[in-house]
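*Asks:* Got a structure for you, written out below as structure tokens; questions coming shortly.
The values are calculated or read from the model by the stated rules, or taken from the named source; none is laboratory data. Nothing here was measured: the structure is a model prediction, and the numbers come from that model. A quick note on method: Cβ atoms are made from the backbone with ideal geometry, for glycine too, and the neighbour counts reach across all protein chains shown.
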Amino acid sequence: MSSTKENDNFFEKVYAVARKIPYGRVTSYGAIAGYLGTRRSARMVGWAMNACNGREDVPAHRVVNRKGILTGKFHFGGTNLMQQLLESEGVEVYENQVVNFDELFWDPSEEPGDKFAEDQ
DNA sequence: AACGTGACAATAC
DNA sequence: AGTATTGCCACGT
């Protein structure tokens, strides 16, 4: 106990967003960072993911870098587990890179709640 | 307490 | 255009 961390604000936010990533969809670190107000600190998002290594609640495999590359696939056990998970969700992955990343890209700002407008 | 690290991204040249 | 460097901020040692 000691310490007043209660919750890792920053990390919790990252987890919260990552948890909101829809099935079959992917997002980038910068998108999450930007949503948190720290676009330049995309590294921290990845760092937060590092701590998420053990939290099944955080689909880190749906988080890729700006190029749609599975940068942290090595952190999933060093295997293609991350790619397998994405493919299992219908996400095409080729050479550790997400295909149609532009279409599969999901922005936290688009977080549904009352809108279906996709082509707006 | 300080230094180094880190799953990125943007800017500069 | 691609390549190189800096910025960022918190965690780990």
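*Asks:* Give the range A:67-77 a look and list any residue that's aromatic (Phe, Trp, Tyr) and either in contact (Cβ under 8 Å) with a residue 12 or more places away in the chain or closer than 15 Å to A:Tyr15 by Cα (or both), or say none.
*Replies:* Looking only at the range A:67-77, we keep the residues that are aromatic (Phe, Trp, Tyr), and these are A:74, A:76.
If the condition is that a residue be aromatic (Phe, Trp, Tyr) and either in contact (Cβ under 8 Å) with a residue 12 or more places away in the chain or closer than 15 Å to A:Tyr15 by Cα (or both), then A:Phe76 is the only one that fits.
*Asks:* Evaluate the range A:72-94: report whether one residue or more is assigned to a strand (DSSP E or B) and surrounded by 18 or more Cβ atoms within 10 Å (Cβ to Cβ).
*Replies:* First, pick out the residues of the range A:72-94 that are assigned to a strand (DSSP E or B): A:93-94.
Next, from what is left, pick out any that are surrounded by 18 or more Cβ atoms within 10 Å (Cβ to Cβ): A:93.
Yes, there is a match, as at least one residue in the range A:72-94 is assigned to a strand (DSSP E or B) and surrounded by 18 or more Cβ atoms within 10 Å (Cβ to Cβ).
*Asks:* Between a residue in the range A:38-66 that is closer than 21 Å to A:Pro22 by Cα and outside any strand (DSSP E or B) and any residue that is of a type in the set (Lys, Arg) and more than 10 Å from DNA strand C (Cβ to nearest atom), which pairs come within a Cβ distance under 9 Å, given they are 6 or more apart or on different chains?
*Replies:* From residues that are closer than 21 Å to A:Pro22 by Cα and outside any strand (DSSP E or B), the pairs are A:Ala42/A:Arg66; A:Ala48/A:Lys13; A:Asp57/A:Arg19; A:Val58/A:Arg19; A:Pro59/A:Arg19; A:His61/A:Lys73; A:Arg62/A:Arg25.
*Asks:* Any residue in the range A:25-34 that is exposed (fewer than 15 other Cβ atoms within 10 Å of the Cβ), closer than 17 Å to A:Phe101 by Cβ and of a type outside the set (Phe, Trp, Tyr)?
*Replies:* If we filter the range A:25-34 for residues that are exposed (fewer than 15 other Cβ atoms within 10 Å of the Cβ), which is where we start, we get none.
No: zero hits.
*Asks:* Moving to a separate point now. With the structure loaded, tell me whether A:Asp57 is under 12 Å from the mean Cα position of the chain (by Cα), at pLDDT below 90 and more than 12 Å from DNA strand C (Cβ to nearest atom) or whether it fails that test. Step through it out loud before you land on a result.
*Replies:* Working: under 12 Å from the mean Cα position of the chain (by Cα): yes; at pLDDT below 90: yes; more than 12 Å from DNA strand C (Cβ to nearest atom): yes.
When the stated conditions are applied, A:Asp57 passes them.
*Asks:* Out of (1) small (Gly, Ala, Ser); (2) part of a helix (DSSP H, G or I); (3) within 14 Å of the chain's Cα centre (by Cα), what's the single condition that is false for A:Gly24?
*Replies:* The one condition A:Gly24 does not meet is (2).
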